[in-house]
Amino acid sequence: MALNPFEMAKKQIEIVAGVIDLDPYILKYLKRVERSLIVSIPIMMDDGTVRIFEGYRVHHSTIRGPGKGGLRYSLGVNLDEVKALATWMSWKTSLLNLPLGGSKGGICVDPFKLSKKELERLTRRFTAEIINFIGPDIDIPAPDVNTNPQIMAWIMDTYSMQKGRSVPGVVTGKPVEIGGSVGRANATGMGLFFVLQGLVEKLRLDLKSLKIVVQGFGNVGGTIAELLYKHGCKIIAVSDISTGIFCEDGLNMEKLLEWANQGNLLKDYKNNNYNLISNDELLTLKCDVLIPAAIENQITEKNAEKINCKIVLEGANGPTTPIADEILFEKGIHVIPDILANSGGVCVSYFEYIQDINSYFWKLDRINAELKRIIIEAFEETYKISEERKINLRTAAYIIAVSRIAKAIEWRGIFP
Ligand code: GLU
């Protein structure tokens, strides 16, 4: 049985609580979520039948500002998964010192089995069900697994229709034509790149000579694979939901991305020099940087011993379990934790949100420069603590993130 992600999230905060002497009541509070909403979403299917889906929106913490976090459409979605993901969002926004909290949402559905019209009705009805739970100063959704700018546009439109005016700041990751930000689509991949560059410098490695393995070929995995390929790295394996694909001499990323962007699966890609491999094989390939960029629970006590790389760069949320974390640390593998590594997405989401509120839009240069500044600052702070205390990067990042929230709770006090 895979580890329950919310149990894992609670375990992670217990680990850091031990290191920073967190007040027991704050620990208890942060191991819970502020509020969760479960909704039923009836949808008229194209064939005239009605199906009912279950959706969730969870606010883990709004102590430091409105909730912020993605919305995913997947059959793996359940309340505990969403609670874990909301918790990780609180750490992420706090680590970057953005004036935001943490939240997440999801619908238990296989979106690839729905027509575009059904997907639109599902999104609009879900938005109507959670309408009082979201808003620019309450909680701001964004894309996540299997959701995209079109879905964000439907959320923005549904919300705006209810309010009687356009409210672009209710959601981020929108198309640029309706208040989205340039640079948002690639932001998570860009952030991964900046943070990896930072660690590579510290370890005195040469970026160009790195061999890379990427699990996941969606927005996050695809973007970081492309960026590293363009910088001269050898991408020796990638995977999507259908298969892994491996070539010791390096894969041609341009061709593979073109193939994937046309909606094709990797298992159907034809090249005699490429071998198809399983997910387990992919994760344990010998390489310099392993980038899990799919879903939770991928590096566990079962395969951690066999992980054979110098750096794990967590593109996904929660890909490494706490026990696996310990094993990797013992093995001398540097894990750049999700809350730091993949925080570029929420960082540019924040830029999008403030651009919407101010009705003043930035150029791409400014977006990337500010993103780099914020994420590198968080990286430097994290790295320093990990060196000083001889702890892994995750615990160091958690020390910063959790302490900042704890301080905010102390200042605000307990109402009433
Ligand atoms: N879903 C992304 C994440 O997990 C982005 C969230 C956001 O932009 O609010 O960080």
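T172 meets all of the listed conditions (1) touching a Phe, Trp or Tyr at 6+ places or on another chain (Cβ under 7 Å); (2) closer than 17 Å to I140 by Cα; (3) in a helix (DSSP H, G or I) but one, namely (3).
Look at (1) touching a helix residue (DSSP H, G or I) at 6+ places or on another chain (Cβ under 6 Å); (2) part of a loop (DSSP other than H, G, I, E, B) and you find that I224 fails only one, number (2). Taking the criterion of being assigned to a helix (DSSP H, G or I) and under 26 Å from V335 (Cα atoms), the residues of the stretch 258-294 that qualify are N279, D280, E281, L282, L283.
Just for the stretch 178-210: of the residues that are basic (K, R) and surrounded by fewer than 20 Cβ atoms within 10 Å (Cβ to Cβ), which one is farthest from I235 (Cα to Cα)? In this case the residue turns out to be K202. Filtering I357, I336 for residues that are within 16 Å of the ligand (Cβ to nearest atom), crowded, with 21+ Cβ neighbours inside 10 Å and on the phi < 0 side of the Ramachandran plot leaves a single hit, I336. The set of residues in the stretch 162-174 that are in contact with a Lys or Arg (Cβ under 9 Å, 6 or more places away or on another chain) and either free of Cβ contacts under 8 Å to residues at least 12 places away in the same chain or of a type in the set (S, T, N, Q) (or both) contains only T172. None of I277, I311, I323 is closer than 26 Å to S90 by Cβ, touching a residue at least 40 places away in the same chain (Cβ under 8 Å) and either surrounded by fewer than 23 Cβ atoms within 10 Å (Cβ to Cβ) or within 16 Å of the ligand (Cβ to nearest atom) (or both) except I311. Of everything in the stretch 42-95 that is free of Cβ contacts under 8 Å to residues at least 24 places away in the same chain and of a type in the set (D, E, K, R), the residue that is nearest to the ligand (Cβ to nearest atom) is R51. Residues in the stretch 109-133 that are touching a Gly at 6+ places or on another chain (Cβ under 8 Å) and crowded, with 19+ Cβ neighbours inside 10 Å were compared, and the one that is farthest from Y350 (Cα to Cα) is F126. Against the test of being of a type in the set (D, E, K, R) and either without any contact (Cβ under 8 Å) to a residue 12 or more places away in the chain or away from the ligand (no atom under 16 Å from the Cβ) (or both), the options D157, D144 yield a single qualifying residue, D157.
Scanning the stretch 339-352 for residues that are touching a strand residue (DSSP E or B) at 6+ places or on another chain (Cβ under 6 Å) and more than 9 Å from the ligand (Cβ to nearest atom) yields a single hit, A341.
The numbers here are math on the coordinates, done by the rules we state, and not lab data. Since the structure is predicted, the reported quantities are computational estimates derived from the model, not experimental observations. Because the Cβ atoms are built from the backbone with ideal geometry, glycine has one as well, and the counts that use them run over all protein chains shown.
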